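So the structure is just underneath, and the comments pick up after that.
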Amino acid sequence: MSGQGTCPRCDAAVRPPTIWRSTWTCPSHGDVVPLHPAQRADTEHLEWLASCSDVPVWLPWPLPAGWLVTGVRCARDGRSGRAQAVAMAVSGPNPLRSPAEQPVADALLVSEVPGTGLGAHLAGRLDVDPGDGLLDGPPVAKVHAAGASAPLWEVDGAPGDRSVFVGEAGGVWLWVVLWPRSASSLLEHDIDLVDVRDPGHTLDVPCGAMSPHLQWETAPRAAS
């Protein structure tokens, strides 16, 4: 994948390694795994990502009726070449939208190694990982990830017209970020996530135009 890396926590340009420092560094957040530009989720790119990711590459499958895969973005270690975080975007009709809302809903499924910070940033938070107490109490939703139940807790106070849920799946964090808020109704249905790294899963998926939510549109807010 080409393109200048940025910080997964703030999208600022990061400094490449030097002879004195072996890591990529953000002026604000120190050592980070660089985030690379969004890419179309075509067969070639999904094959490449499946071969180099250390975290699950989650995809709702089958897709909800009328939904398309609208891009993918990853944070990848420049030394090992391995992806430490992956954000998969899907978009489609929002069945419970209000008259004032856009007819299209968008969702990002973020799988990441703890400490990366991509999911929290997309959720509009300043945390790196879910803060203390966030996963207390009963979960409010769940998905099926690679055949296993993955409980999800809602992140209160997400900024903008979005809903945010977080849990664990495949041994790492799973963030689900949906626009607009009413799109959270999708989680009331049984949603199956497949890991495209698993042998036998088709990588020829229906693609749409790139989701604008794979690019930063709002500054993160303070953690609550």
Across 10 Å bins from 0, what is the distribution of all Cα-Cα pair distances for region 102-191, in whole percents? 17, 54, 27, 2
Full extension from residue 136 to residue 15: what is 0.36 nm times the residue separation minus their Cα-Cα distance, to one decimal in nm? 39.8 nm
Dipole-positive endmost among 184, 18, 39 within the chain (Cβ charges, Cα centre): 18
Over the Cα atoms of region 53-172, what is the Rg over Rh ratio if Rh follows Kirkwood? 0.96
Kirkwood hydrodynamic radius (C-alpha pairs) into Stokes-Einstein, the chain, 25 °C and 0.890 mPa s, D in µm²/s: 140
The distance between the Cα centres of region 158-181 and region 25-77, in whole Å, is 15
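Once you sort the root eigenvalues of the Cα gyration tensor of region 29-74 as a ≥ b ≥ c, which label holds: rounded (a/c under 1.5), prolate (a/b larger than b/c) or oblate (the other case)?
prolate
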Per residue accessible area in Å² of the chain, where ligands, DNA and RNA are left out and the probe is 1.4 Å: 45
What ranking do 19-32, 177-190, 143-156 get when scored by the average of other Cβ atoms within 10 Å per residue, highest first? 177-190, 143-156, 19-32
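Determine the share of the chain's accessible area contributed by carbon and sulfur atoms, expressed in whole percent, with a 1.4 angstrom probe. Kindly include the intermediate steps, with their values, before the conclusion.
On the way: 5330 of 10070 Å².
Roughly 53 percent of what the probe reaches on the chain is carbon or sulfur.
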So what's Rg/Rh here for region 1-69, counting alpha carbon atoms and using the Kirkwood radius for Rh? 1.08
What Rg and what Dmax come out for region 162-216 when only alpha-carbon atoms are used, in angstroms? 13.5, 35
Quick check: the angle from helix 43-52's long axis to the longest principal axis of the chain, C-alpha only, nearest 10 degrees? 60
Projected onto the charge dipole of the chain (unit charges on the beta-carbon of Lys, Arg, Asp and Glu, signs +1, +1, -1, -1), the Cα from 91, 104, 120 with the largest positive-side position is that of 120
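The values are calculated or read from the model by the stated rules, or taken from the named source; none is laboratory data. On a predicted model such as this, the values are computed, not experimentally measured, just so you know. Note that we place each Cβ from the backbone using ideal geometry, even for glycine, and neighbour counts take in every protein chain shown. Side chains are part of the model used for accessible areas, which takes the heavy atoms of the whole protein and leaves out ligands, DNA and RNA. Shrake-Rupley method; radii C 1.70, N 1.55, O 1.52, S 1.80 Å.
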